[in-house]
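Report on one structure; see the data block that follows.
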Amino acid sequence: MQMQNRFPLLLPLFSLLLANLLPGTLGAQSEKSETDSSTGSPSTKTVKSTAVTPEENIAIYSWPTGRGLIPLNARILAEVNDGIPESILYLTGEGVRYSFHVPNGLVVAEDSKGTSCRLLSRTMPDNSLDFFLFEPGTFLPRVNVTTLKGYRKGLNQKFEETITFDTEPNLIRNKTFSIYGNRWGQLHYALALPEGPRSFAEFFVPLSDNLLVLRLEGMESFVRSRAPQVVRMMSTLSIEN
């Protein structure tokens, strides 16, 4: 009689343990797969990610052709400072007076051709250094990594497979000089044009409310050799009121 009384006590305990174990096991299996009712075998469902990458949220900026451009008069004068001869570029416009220590071998072009002003290589006139001074609100709202990426996206959409960018573009230099308290940016790219390849190096300089863009354009060897000179030139910018 004592043995018969023990079994009823053991069965409920066993049932409770089994009930606690089974739901967790079955739940884990149901998360991994679902059963196809037609075959009785597990079926896999692929869920596409709806996450948006930061690059997709960047606004696209296009070059403002034919609008908001401030014309500049340019002249290059030879001056001697501390016994060293230097070429000084003077740019003047409506309420604007800038000067730079310009690299040697550049001359002022007679035709600006859609720029604020243009300098040409004395020996290779197909190579140029162009200046674009934009009115406020014409082009980029500010110069930073995000806006330059947006401009790069605009170029990519316009030229598609004919454009290539530097593999690791240093859009905003972290350790360099500022220009009147503002950081400047740069973008390097090349175009495969029907008349031949053209290289470009563009430098973006925020000046008060205006935006100044300097663009080297021409043969790859010209652009690469002149780009460091243009950077040094920007460091000599002087603004006269």
- Matching residues, the range 101-135, being over 21 Å from Arg224 (Cα atoms) and among the polar types (S, T, N, Q): Ser112, Thr115, Ser116
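A quick yes/no check of all residues on (1) small (Gly, Ala, Ser); (2) open to solvent by less than 40 Å² (accessible area, probe 1.4 Å); (3) under 19 Å from Pro136 (Cβ atoms); (4) modelled with pLDDT of 95 or more:
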site	(1), (2), (3), (4)
Lys175	no, no, no, no
Ile179	no, yes, yes, yes
Leu187	no, yes, no, yes
Ala192	yes, no, no, yes
Pro206	no, yes, yes, yes
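From the list Ile88, Ile76, Ile70, Ile60, which one is under 27 Å from Gly150 (Cβ atoms) and in contact with a Leu (Cβ under 7 Å, 6 or more places away or on another chain)? Step through it out loud before you land on a result.
Values: Ile88 fails: under 27 Å from Gly150 (Cβ atoms); Ile76 fails: under 27 Å from Gly150 (Cβ atoms); Ile60 fails: in contact with a Leu (Cβ under 7 Å, 6 or more places away or on another chain).
Criteria check complete, one pass: Ile70.
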- Message: Quick check on the range 138-148: of everything there that is touching a residue at least 24 places away in the same chain (Cβ under 8 Å), open to solvent by 40 Å² or more (accessible area, probe 1.4 Å) and not in a helix (DSSP H, G or I), which residue is farthest from Arg198 (Cα to Cα)?
- Response: Arg142
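Would you tally the residues in the range 178-197 being β-branched (Val, Ile, Thr) and under 22 Å from Ile163 (Cβ atoms)?
The initial filter retains those residues of the range 178-197 that are β-branched (Val, Ile, Thr), namely 179.
Then drop every residue that is not under 22 Å from Ile163 (Cβ atoms), which leaves none.
Qualifying residue count for the region: 0.
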- Note on the structure: The number of residues in the range 223-240 that are over 21 Å from the mean Cα position of the chain (by Cα) and open to solvent by less than 10 Å² (accessible area, probe 1.4 Å) is 1
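I'd like to verify a number: residues in the range 117-137 that are buried (at least 16 other Cβ atoms within 10 Å of the Cβ) and more than 22 Å from Glu220 (Cβ to Cβ), how many?
Matching residues across the range 117-137 total 3.
Being in a loop (DSSP other than H, G, I, E, B) and open to solvent by 20 Å² or more (accessible area, probe 1.4 Å) is the filter; apply it to the range 149-173 and report the residue that is nearest to Leu89 (Cα to Cα). Show your work before the answer.
Taking the range 149-173 first, the residues in a loop (DSSP other than H, G, I, E, B) are 166-171, 173.
Restricting the remaining residues to those that are open to solvent by 20 Å² or more (accessible area, probe 1.4 Å) gives 166-170, 173.
Values: Asp166: 29, Thr167: 33, Glu168: 32, Pro169: 28, Asn170: 27, Arg173: 25 Å.
Here the answer is Arg173.
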- Query: In the range 208-221, which residues are of a type outside the set (D, E, K, R) and surrounded by fewer than 20 Cβ atoms within 10 Å (Cβ to Cβ)?
  - Reply: Ser208, Asn210, Met219, Ser221
- All but one of (1) in contact with a helix residue (DSSP H, G or I) (Cβ under 8 Å, 6 or more places away or on another chain); (2) of a type outside the set (Val, Ile, Thr); (3) in a strand (DSSP E or B) hold for Arg198, so report the exception by its number. (1)
- Note on the structure: So, first residue closer than 16 Å to Asp111 by Cα and open to solvent by less than 100 Å² (accessible area, probe 1.4 Å) in the range 71-87, second residue assigned to a loop (DSSP other than H, G, I, E, B) and not small (Gly, Ala, Ser), Cβ within less than 7 Å, six or more apart or across chains; the pairs are Ile76/Val102
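Could you say which residue among Ile239, Ile179 is out of contact with any Cys (no Cβ under 9 Å at 6 or more places or on another chain), in contact (Cβ under 8 Å) with a residue 60 or more places away in the chain and within 29 Å of Tyr90 (Cα to Cα)? Working first, answer last.
Values: Ile179 fails: in contact (Cβ under 8 Å) with a residue 60 or more places away in the chain.
Just one listed residue meets the conditions, Ile239.
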- Item | Flag for Phe131 being in a strand (DSSP E or B), modelled with pLDDT of 95 or more and either out of contact with any Gly (no Cβ under 6 Å at 6 or more places or on another chain) or not polar (S, T, N, Q) (or both) | yes
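Suppose the filter is more than 21 Å from Asp126 (Cβ to Cβ) and at pLDDT 95 or above; does Arg198 pass it?
Working: more than 21 Å from Asp126 (Cβ to Cβ): no; at pLDDT 95 or above: yes.
For Arg198, the condition - more than 21 Å from Asp126 (Cβ to Cβ) and at pLDDT 95 or above - is not met.
The values are calculated or read from the model by the stated rules, or taken from the named source; none is laboratory data. Note that the structure is predicted; figures quoted are calculated from it, not measured. For neighbour counting, all protein chains shown are included, and Cβ atoms are generated from backbone atoms with ideal geometry for every residue, glycine included. Heads up: the accessible areas ignore ligands, DNA and RNA and are worked out on the full protein's heavy atoms, side chains in. Shrake-Rupley method; radii C 1.70, N 1.55, O 1.52, S 1.80 Å.
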